[in-house]
Every structure is written in structure tokens, then in C-alpha cells.
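Note sheet for the following structure.
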Amino acid sequence: MVQPLDIHQETPSQTAGPYVHIGLMPSFAGIPDIYENQLGESPIADGAKGEVIEIVGSIYDGTGWAMRDALFESWQADASGKFAGQDGADPSVSGYCRFAADGETGEYTLKTVKPGSIAGRGGQVHAPHISLWIVARGINIGLQTRIYFEDEDNSTDPLLNRIEQRQRVDTLIAKKTADGKYRFDVRLQGEGETVFLDI
Amino acid sequence: MADLGPLIPRNRDIHPVPYDPGYKTSVARSPSQPLLSMESGASEETGPTFGHGTFGALDNNLIMNFSKGAAPAIGERILMHGKVLDERGRGVPNTLVEIWQANAGGRYRHKKDGYLAPLDPNFGGCGRTLTDDEGNYQFLTIRPGAYPWPNRGNDWRPMHIHISVFGHSFGQRLITQMYFQGDPLIDMCPIAATIKNRSQLDRLVAPLDMSNSRPLDFLAYKFDIVLRGRRQTMFENKLEGM
Ligand SMILES: [Fe+2]
């Protein structure tokens, strides 16, 4: 026998299921009036500094079907690389958003400001990115990934540089489709599978 | 801000397997490549906060919140309560807990649910609250019904309440389900069975808590939730820019 470590184990995950919108986005589920407000409706308020951008995409299952029931949460820094609550952060950027794949088309839209690069431990600098968390029926534990941008310098990003199969780096990079517009598709499985994170 | 240290890496062995043929939808919705493991940084260690002013008085009362206090939902009245803590055993104060569930007949108020059990005109099916200074939370609700779902020929979900928790870091984000002590359907459920370690599944089964049940009013069920903790950073560099 040894001394106990006094460490608790994390609670096991379970799928968010098909009705996750009731709990997290009741308006989307058809229950618009149950609360005074919905959380995470927009990551920015009027007056947010930086370039306002729109990211559009779909999430595909292993058969190539654009999923109609996925729910996303995003978390990001402001245009100067500060997160809400940090000294000097833009008060008009909450950095947090909830959005869902459209029930008819499967497409999602995220309107936000482009984040700045982020300082990490030991002087590392992370290229501008948005953290993405994805839940849906059939996903047993929420999937984490990141959205980077093709028109930023990603060459020294410590996470992207950890990806051994260099062609997979591309799965984390949003493609510019017009001024201020980007496309970012997620592929859950198989050809072009998005790099998911354990972070 | 002092560096609280990176998040403790997730122990994936306690979680459900992503790919499980018994839960058919997971087959095409599970990554086939390994996850990329990396130490957390500011993106994972920071997270959204929600102010007390955001919440209404009935937000954590599912019996009354849909009717705005006009009429109670139908079903067995229960108190669901517990504590949110981290892996170090510390309570997580002021963090968002959200729940959603079927009504007493097993029907969800969602455009995609066509089960023949009727909707309850006084039940919406969601609630939300912030934990108190010690990490405690509570919801007043009704016991959800079991319901059938399209998977194998005759699969039924045990009675359950879906729970979403934040913590203070985006990397702590967790969704799970609470089951009820003594429900025989737990052992037959392919979703519960995605957790391969039985003692871990047991941690999702809430015990009946007579000590917090209120005479002539409601039964109580206790459900504690543990989120990822932080690793101490003695002998390490401080996080720059924080
Ligand atoms: Fe459910």
C-alpha cells in the first residue's frame, strides 16, 4: 500500500445527443422565450476592434454527409491577442460564441473579429486561431480543434508544427473566399480528416 | 495574473470510446486518426464567464420556468443537486451548469422529436444556473421518462438528464448525462455502454438522497461533477503576457 494521491478523476463524458439545442440554444430548438437571453449569441459587441470576419462551413461525417444536428462553441482572443478578463483585453470582445449547423443545409456561420497572435509559456507565439468545440449525436466526447487563417503567418505555430503528416495541417486552416470571408469545413473521419486535439 | 499551470491531460480511459458499433451513429462520427496531444496554453486555460445578472429567478426551476410560474409541469417532483469540483477536489464557484431533458412521458420539446408521448404544455425541458461560492448547484425538475430511440430493434434510453458544464477554462468543457439509481434500463443502454469501465459508468448514476428530500414535496438526487484540474508549475517558467 502507498499513500493516497487525493486526486479525483474527471467525470466521464456522454454524447450531447440529438436534442442538445434545447439545453444550449433553446431558440434554435423552438423554445425562444424560456430565458430572458441566450448565452453566446455573439463573440463581439458593437465597437469591437479589429477586422470583422465571417467564417462559413459544414461538418461532414465519414460518409461525406453534411451533418444537420451539430452544435459548435468557439473561444478566441481579441484582435490584440488578449482573452476576455486579461489586462488590456477589448471590452467589446467576449470571445465566446455558440452556433449550430443549419437544420436544412448543414452549414454554419460564425461572425467575429479576427484574433491576434497569442503569447504562450516560454516565449512561444501561437498564430491567430479560434478554438472550436463540437458536439452532436454520435460524438461521445466533445471534439476540440482550431481554426487558423491562410492569410496569416502560421510557420512558427507550435501546434501546427507538431503535425507530422504535413498535408494534414491544411485541415486546420480556413480558406479566404472574399474580403473578410473564410470557409472552414470539418471532416470527422476518413479522407481529409480534420486534426482533432487532446489539449 | 499568476500562472495556475497547464490543465492536467485528460485520462481518455475513463471516457466513452468514440467508435462503438453498438451505438450506430458513432460509427461514421468518430475520428479514425489519433488526437494530437499537446500541453494546454492560454486558449484552453482561459474561458468565458457569465454574470449573475444574466439569470432569471426561475432559470433553474424546470417545473415552473416554461409557464413563467403560471402552472407546474406534470411528473414526479425531484431536486437535482450536487457540487462541481476539479480533479484536486476544489469546488468550482460561479460556473455555468445547464441541463436539458425529456418530459415525464419521455418526449422532448424539439422539432426533431416525434415520439407519440404528448408534450406537456407546462414543460420546456431546460434549466441553467451558476454554482455558488463553494461550487454547489441545484435544479428543481420532474423525473424524465424513459424513451425509445432508433438504433437497434428495440433500444430505450434509461431515465436521464443531460448536463453541460464549463469550469473556468475552455479546455474543461464537458457534457455528460445523469442516470437514476436503480433504473434497469441503464444496463441495456448502448449509449451508457460506450463507457467501457463499469466503475466509471457508476459515477454517472445519481443516488437517491433522502437527507435532502423535502417531506410532502420532492425527492432529491445528488450528482457531483468533476472537471479537469491544473498541474502545479514549480520550477517552471511563468506564462508570458499573463
Ligand atoms: Fe436524451
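The values are calculated or read from the model by the stated rules, or taken from the named source; none is laboratory data. Because the structure is a prediction, the values reported are computed rather than measured. For neighbour counting, all protein chains shown are included, and Cβ atoms are generated from backbone atoms with ideal geometry for every residue, glycine included. In case anyone asks, the SASA skips ligands and DNA or RNA and just uses the protein heavy atoms, side chains included. Shrake-Rupley method; radii C 1.70, N 1.55, O 1.52, S 1.80 Å.
Cα-Cα pairs above 29 Å in chain B: how many percent?
Value for chain B: 36 percent of Cα pairs lie more than 29 Å apart.
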Which aspartates and glutamates have a Cα less than 15 Å from the Cα of B:Lys24, not counting those fewer than 8 places away in the same chain?
-> A:Asp61, B:Asp155
Ordered by packing density, taken as the mean number of other Cβ atoms within 10 Å over each peptide's residues, highest first, how do A:1-12, B:199-210 rank?
-> B:199-210, A:1-12
Along the positive direction of the dipole of chain B (beta-carbon charges: Lys, Arg +1; Asp, Glu -1; about the Cα centre), which of B:Met188, B:Ile14, B:Asn212 reaches farthest?
-> B:Met188
Those lysines that a straight Cα-Cα span of less than 23 Å connects to B:Lys83, excepting residues fewer than 8 apart in one chain = B:Lys222
At a Cα cut-off below 17 Å, give the lysines reachable from A:Lys111, other chains included and same-chain residues fewer than 8 away excluded.
-> A:Lys49, A:Lys175, A:Lys176, A:Lys181
Spin-label pair A:Asp153/B:Ile74, simplified geometry with 7 Å Cα→Cβ offset, distance in nm | 6.6
Which values of log₁₀ I(q)/I(0), to two decimal places, follow from the Debye formula for segment A:12-138 at q = 0.21, 0.23 Å⁻¹ with a uniform point scatterer at every Cα?
-> -1.20, -1.29
Based on the Cα coordinates of segment A:145-196, what is the per residue volume of their convex hull in Å³?
-> 79
For chain A, what does -39500 (n - 2.57) per DSSP helix run (n ≥ 4), summed and divided by total residues, give at 222 nm, in deg cm²/dmol to the nearest 500?
-> -1000 deg cm²/dmol
Under 11 Å from the B:Asn212 label point (7 Å along Cα→beta-carbon), backbone N, segment B:41-82 = B:79-82
Using only Cα atoms, figure out Rg for segment A:66-199 and give it as a multiple of 2.2 N^0.38 Å.
-> 1.06
Dimensions of segment A:1-49 along principal axes (Cα, Å, largest first)?
-> 58, 35, 18
Interface B/A, total buried accessible area with a 1.4 Å probe, nearest 100 Å²?
-> 7500
Largest-first ellipsoid semi-axes for segment B:36-151, taking √(5λ) over the Cα gyration tensor eigenvalues, angstrom | 30, 19, 13
Sum -39500 (n - 2.57) across every DSSP H segment of at least 4 residues in chain B, then divide by the residue count to get the 222 nm mean residue ellipticity, nearest 500.
-> -500 deg cm²/dmol
Throw me the Rg/Rh for segment B:114-242, computed over C-alpha atoms with Kirkwood Rh, two decimals.
-> 1.05
With B:Phe66 itself left out, Lys, Arg at +1 and Asp, Glu at -1 over residues whose Cβ is under 12 Å from its Cβ give -1
Search the structure for amide H atoms under 5 Å from the amide H of A:Ile173, placed 1.01 Å from N in the peptide plane, and list their residues when 5 or more places away or on another chain.
-> A:Tyr148
Note on the protein assembly as shown: the mean projected area of its alpha-carbon convex hull, in nm², is 22.3
